[in-house]
1. Hey, can you tell me all the residues within region 369-399 that are within 19 Å of residue 319 (Cα to Cα) and not in a helix (DSSP H, G or I)?
2. Restricting attention to region 68-107, and to residues there that are in a loop (DSSP other than H, G, I, E, B) and in contact with a Phe, Trp or Tyr (Cβ under 7 Å, 6 or more places away or on another chain), which single residue is modelled with the lowest pLDDT?
3. Among the numbered conditions (1) in contact (Cβ under 8 Å) with a residue 60 or more places away in the chain; (2) in contact with a strand residue (DSSP E or B) (Cβ under 8 Å, 6 or more places away or on another chain); (3) closer than 27 Å to residue 19 by Cα, tell me where residue 107 comes up short.
4. Going residue by residue through region 310-320, is there one that turns out to be surrounded by 16 or more Cβ atoms within 10 Å (Cβ to Cβ) and more than 30 Å from residue 69 (Cα to Cα)?
5. Is it true that some residue in region 37-44 is open to solvent by less than 30 Å² (accessible area, probe 1.4 Å), farther than 24 Å from residue 382 by Cα and either assigned to a helix (DSSP H, G or I) or hydroxyl-bearing (Ser, Thr, Tyr) (or both)?
6. Can you confirm whether residue 347 is over 18 Å from residue 234 (Cβ atoms), in contact with a Ser or Thr (Cβ under 9 Å, 6 or more places away or on another chain) and open to solvent by less than 10 Å² (accessible area, probe 1.4 Å)?
7. Within region 10-24, track down each residue that is touching a residue at least 40 places away in the same chain (Cβ under 8 Å) and surrounded by fewer than 16 Cβ atoms within 10 Å (Cβ to Cβ).
8. Can you find, within region 235-257, the residue that is nearest to residue 280 (Cα to Cα) among those that are part of a strand (DSSP E or B) and β-branched (Val, Ile, Thr)?
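The values are calculated or read from the model by the stated rules, or taken from the named source; none is laboratory data. No experiment lies behind these values; they were computed from the predicted model shown. All Cβ positions, even for glycine, are placed from backbone atoms using ideal geometry, and neighbour counts span all protein chains on display. We work out accessible area using only protein heavy atoms, side chains counted, and drop any ligands, DNA or RNA first. Shrake-Rupley method; radii C 1.70, N 1.55, O 1.52, S 1.80 Å.
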Amino acid sequence: MNTTKNRPTVRLTPKAEVRAIRHGFPWVYANELVTDRRTRGLAAGTVAVLEDSGRSPLGVVAVNPASKIICRMLDRNPHADIDEAWFAVRFARALAHRARLYDQPFYRLIHAEADGLPGVIVDRFGDIAVVQPNAAWADVLITPLVDALMSVTGVTSVILNGTGRARGLEGLEDRMEVMRGIPPEGPVPVPMNGAIYMADLMGGQKTGLFFDQRANHAFAAGLAKDARVLDVFSHVGGFGLAALAAGAKSVLAVDGSAPALALAEDGATRMGVTDRFETRKGDAFDVLTALADEGATFDVVICDPPAFAPSRQALDAGLRAYERVARLAAPLVADGGYLGLCSCSHAADLTKFRNACSRGIGRAGRRGQIIHTGFAGPDHPLMPHLAESGYLKAVFYRL
């Protein structure tokens, strides 16, 4: 429990953007905080009161001197206790929203800052929750966090997946453990858009499944009846299995991971659609080139690559990679067919990403009209003050 008694204080420099913080921006960068020896000596994850340069309190923050984001706002009330009851209020608010959206308990329950828990991801898979504590304070307070999660949602097992790039930026070590309950005996079946996906909660990417693409899967599936579909960077069959559920004639799923494709095949088996489902393991760029050499064409082509531009430093190279995906995929689309291109890179905004895709299509000698732009589903709410929370884009063309 973190009470207000004896809580340390940290203070903004006179040049800090205090107005932005008062208006809702949730982060303080290291160059905006007075970092004297006392502040630098605070343990990562310490809960403190943030003051402006005139010593007026702004709220309760989590401090990590090892991170460029040195403070994350937890509560605007400087007297708030960050305890199990505090976590429970946030879980209950988040749960009420998801319960209204979905008739089955498979969704992102907590989307970090946008749900009031900075740096924390919680994905729900029925009676199991997977928690990603990507900020130091959540590691420190993981016990009241998990207690509140279980009491509010009724989940019986909680898996802590502390792996990934975000924890490295916080100076945190990787950790993977079952916090409560028992681990699943194998991949967990997840019903979504009429398809069945197999989520490896203990060994898959991120939390085991990407709930964020649900609405984009549904849109693409609406184009897929009686269509030949190519699903590139398929992971566990995201777009492909949704297309099959909607009546696609055939689906070819391409991915570099044999375990991911095996999970996709398992999902197709459970759906009873293996006669229309085929997989191909290989580097996506190589497979796209090979398919063109083979003269293959498809009515719907979807490319959902990993984040090619995970940071501003990687932006130019990432945009070139997105352009290359579009250039290689466009020739595979039959005349009058559809091409869906996705990006989960927050550094590449929608305009830059769309322009890169359109250049690639043009360089392939094709012309297209944009028919739809999609984003993450409503269980991935966007914090208006934080552009990084709106990372996912999907642009659909008719060629």
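1. Initial filter on region 369-399 (within 19 Å of residue 319 (Cα to Cα)): 370, 373-375, 387-388, 390-397.
Of everything in region 369-399, those that are within 19 Å of residue 319 (Cα to Cα) and not in a helix (DSSP H, G or I) turn out to be 370, 373, 374, 375, 390, 391, 392, 393, 394, 395, 396, 397.
2. Going through region 68-107, the residues in a loop (DSSP other than H, G, I, E, B) turn out to be 68, 76-81, 83, 102-105.
If we keep only those that are in contact with a Phe, Trp or Tyr (Cβ under 7 Å, 6 or more places away or on another chain) as well, we get 68, 80.
Numbers: 68: 93, 80: 97.
Looking at the filtered set, the residue picked out is 68.
3. Going through the list (1) in contact (Cβ under 8 Å) with a residue 60 or more places away in the chain; (2) in contact with a strand residue (DSSP E or B) (Cβ under 8 Å, 6 or more places away or on another chain); (3) closer than 27 Å to residue 19 by Cα, residue 107 breaks only (3).
4. Residues of region 310-320 surrounded by 16 or more Cβ atoms within 10 Å (Cβ to Cβ): 310, 314-315, 318-319.
The next check asks that each one be more than 30 Å from residue 69 (Cα to Cα); those that pass are none.
Scanning region 310-320, I find no residue that is surrounded by 16 or more Cβ atoms within 10 Å (Cβ to Cβ) and more than 30 Å from residue 69 (Cα to Cα), so the answer is no.
5. Among the residues of region 37-44, at least one is open to solvent by less than 30 Å² (accessible area, probe 1.4 Å), farther than 24 Å from residue 382 by Cα and either assigned to a helix (DSSP H, G or I) or hydroxyl-bearing (Ser, Thr, Tyr) (or both), which makes the answer yes.
6. Values: over 18 Å from residue 234 (Cβ atoms): yes; in contact with a Ser or Thr (Cβ under 9 Å, 6 or more places away or on another chain): yes; open to solvent by less than 10 Å² (accessible area, probe 1.4 Å): no.
No.
7. Filtering region 10-24 for residues touching a residue at least 40 places away in the same chain (Cβ under 8 Å) gives 10-13, 18, 20-21, 23-24.
Once the filter is applied, which keeps residues that are touching a residue at least 40 places away in the same chain (Cβ under 8 Å) and surrounded by fewer than 16 Cβ atoms within 10 Å (Cβ to Cβ), region 10-24 yields 13, 20, 23, 24.
8. The initial filter retains those residues of region 235-257 that are part of a strand (DSSP E or B), namely 250-255.
From what is left, the residues that are β-branched (Val, Ile, Thr) are 251, 254.
On the way: 251: 11, 254: 5 Å.
Only one residue tops the list, namely 254.
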